[in-house]
Amino acid sequence: MRYEDTRAFAETLDHNDPLAPFREQFNFPRYKQGRSPVYFCGNSLGLQPRLAVEFVQNEINNWRDYAVDGHFHSNRPWINYHRLATAGFAELTGSKPSEVIAMNTLTVNLHLLMASFYRPTAERRKIVIEDGAFPSDQYAAASQIRVHGYDPESDLLEWRPRDGEVHLRIEDLEQLLQQEGDSVALLLLPGVQYYTGQVLDMQTICDLARRYGCRVGLDLAHAIGNVELSLHKWAPDFASWCTYKYLNAGPVSTKSTIRVTTSCKAGGVTRRAVVSRCTRLSNRRLARKPGK
Ligand SMILES: Cc1ncc(COP(=O)(O)O)c(C=O)c1O
């Protein structure tokens, strides 16, 4: 196809786009002069699916009609609501259904997962993130380092683009791991960098982590629903994502999801162990008195 910088060419592309009819399934913000906008902000908040109102109304009705029995007897019983997401998440992330679970928000899950997978020792205690990582990821990694009594100033490393470049080079990550020897405990990296839009080579990142003896966790906030994922094959130690960007689940969607390797090579931590640890941690926190 030869690109042409004309309106007619753009309209032909639109006309032939097999995905074009999906536009009808979403509500677009009202726009001045009655025109509907081209929406490029799905990386921040996805559009509202037209079906959303019906689904939400349905649950409001279930609450009205069943009250507490809605946990067990409504048409989509709430007690197992998280399981309704399992098949879809497994498909979108290239995981087995037994490897994914819907719970919490992304940052909460990163903390819970790091509580299990970031086990620093005096020798191996550093976390690698990318330069310009999403601010809450930076804070999460830094606070995990502090929890263990170490110092983010020296123990939070950044994989940076070369001078004058914007994109990250995988060979520079390998060089960083070589330089740092055995001191890196965890790579916490995105699938798609939120600011530059760079799709990272997740397979190679996971392979490098294994080769250099560290754990690897992926933040897939900007990757899920956007690029093809094969988590079962790549086998990161964990991954977490959210549902309000390319999955269009809405600004108050609290369900983020974690994916954990079924059996972690380095430590033999199983998904069941991690999930029950997460539950134990939350219970302990709930039991704690305010202010403690
Ligand atoms: C890359 C990335 N990480 C983390 C977050 C934080 O997610 P949450 O506030 O749902 O925990 C976001 C949210 O936009 C994000 O884009």
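Assigned to a helix (DSSP H, G or I), surrounded by 10 or more Cβ atoms within 10 Å (Cβ to Cβ) and touching a Lys or Arg at 6+ places or on another chain (Cβ under 8 Å) - does that describe any residue in segment 31-54? Steps first, please.
In the first step, residues of segment 31-54 are kept if they are assigned to a helix (DSSP H, G or I); the result is 32-34, 52-54.
Imposing the further condition that a residue be surrounded by 10 or more Cβ atoms within 10 Å (Cβ to Cβ) reduces the set to 52-53.
Filter once more, keeping what is touching a Lys or Arg at 6+ places or on another chain (Cβ under 8 Å): none.
Checked against the condition, which is being assigned to a helix (DSSP H, G or I), surrounded by 10 or more Cβ atoms within 10 Å (Cβ to Cβ) and touching a Lys or Arg at 6+ places or on another chain (Cβ under 8 Å), segment 31-54 yields no hits at all.
Right, Ser154: more than 16 Å from the ligand (Cβ to nearest atom) and small (Gly, Ala, Ser) or not? Lay out the reasoning, then the answer.
Details: more than 16 Å from the ligand (Cβ to nearest atom): yes; small (Gly, Ala, Ser): yes.
So Ser154 passes the test.
Which numbered condition in (1) surrounded by fewer than 12 Cβ atoms within 10 Å (Cβ to Cβ); (2) over 17 Å from the mean Cα position of the chain (by Cα); (3) free of Cβ contacts under 8 Å to residues at least 12 places away in the same chain is the only one that Asn75 fails?
It fails just one condition, (3).
Is it fair to say Val100 is among the β-branched types (Val, Ile, Thr), crowded, with 17+ Cβ neighbours inside 10 Å, assigned by TED's automatic domain parsing to the domain that holds Leu156 and within 15 Å of the ligand (Cβ to nearest atom)? Steps first, answer last, please.
Working: among the β-branched types (Val, Ile, Thr): yes; crowded, with 17+ Cβ neighbours inside 10 Å: yes; assigned by TED's automatic domain parsing to the domain that holds Leu156: yes; within 15 Å of the ligand (Cβ to nearest atom): no.
Criteria not met by Val100.
Just need a number here: residues in segment 1-21 that are under 29 Å from the mean Cα position of the chain (by Cα), surrounded by 10 or more Cβ atoms within 10 Å (Cβ to Cβ) and in a helix (DSSP H, G or I).
Kept after step one, since they are under 29 Å from the mean Cα position of the chain (by Cα), are these residues of segment 1-21: 17-21.
If we keep only those that are surrounded by 10 or more Cβ atoms within 10 Å (Cβ to Cβ) too, we end up with 17, 20.
Add one more test, that the residue is in a helix (DSSP H, G or I), and what stays is 20.
Final tally of qualifying residues: 1.
Out of Arg215, Arg169, Arg162, Arg210, which single residue is crowded, with 24+ Cβ neighbours inside 10 Å and either free of Cβ contacts under 8 Å to residues at least 24 places away in the same chain or within 17 Å of Phe117 (Cβ to Cβ) (or both)? Before the answer, list the steps.
Values: Arg169 fails: crowded, with 24+ Cβ neighbours inside 10 Å; Arg162 fails: crowded, with 24+ Cβ neighbours inside 10 Å; Arg210 fails: crowded, with 24+ Cβ neighbours inside 10 Å.
After ruling out the rest, the residue left standing is Arg215.
Considering each of Ile145, Ile127 in turn, give the residue that is assigned by TED's automatic domain parsing to the domain that holds Leu231, touching a strand residue (DSSP E or B) at 6+ places or on another chain (Cβ under 8 Å) and part of a helix (DSSP H, G or I).
On the way: Ile127 fails: part of a helix (DSSP H, G or I).
Answer to the check: Ile145.
Tally up the residues in segment 208-237 that are away from the ligand (no atom under 14 Å from the Cβ) and under 20 Å from Gln144 (Cα atoms), please.
7
Run down Asp65, Asp131, Asp137, Asp69 and say which single residue is among the acidic types (Asp, Glu), in contact with a Pro (Cβ under 7 Å, 6 or more places away or on another chain) and either under 30 Å from Lys233 (Cα atoms) or surrounded by fewer than 19 Cβ atoms within 10 Å (Cβ to Cβ) (or both).
On the way: Asp65 fails: in contact with a Pro (Cβ under 7 Å, 6 or more places away or on another chain); Asp137 fails: in contact with a Pro (Cβ under 7 Å, 6 or more places away or on another chain); Asp69 fails: in contact with a Pro (Cβ under 7 Å, 6 or more places away or on another chain).
Checking each option against the conditions leaves just Asp131.
Please state which one of Leu247, Leu218, Leu229 is in a strand (DSSP E or B) and within 15 Å of the chain's Cα centre (by Cα). Steps first, answer last, please.
Numbers: Leu247 fails: in a strand (DSSP E or B); Leu229 fails: in a strand (DSSP E or B).
Among Leu247, Leu218, Leu229, only Leu218 is in a strand (DSSP E or B) and within 15 Å of the chain's Cα centre (by Cα).
The values are calculated or read from the model by the stated rules, or taken from the named source; none is laboratory data. Model, not experiment: these values are computed from the prediction. Ideal geometry is used to build each Cβ from the backbone, glycine not excepted, and the neighbour counts take in all protein chains shown.
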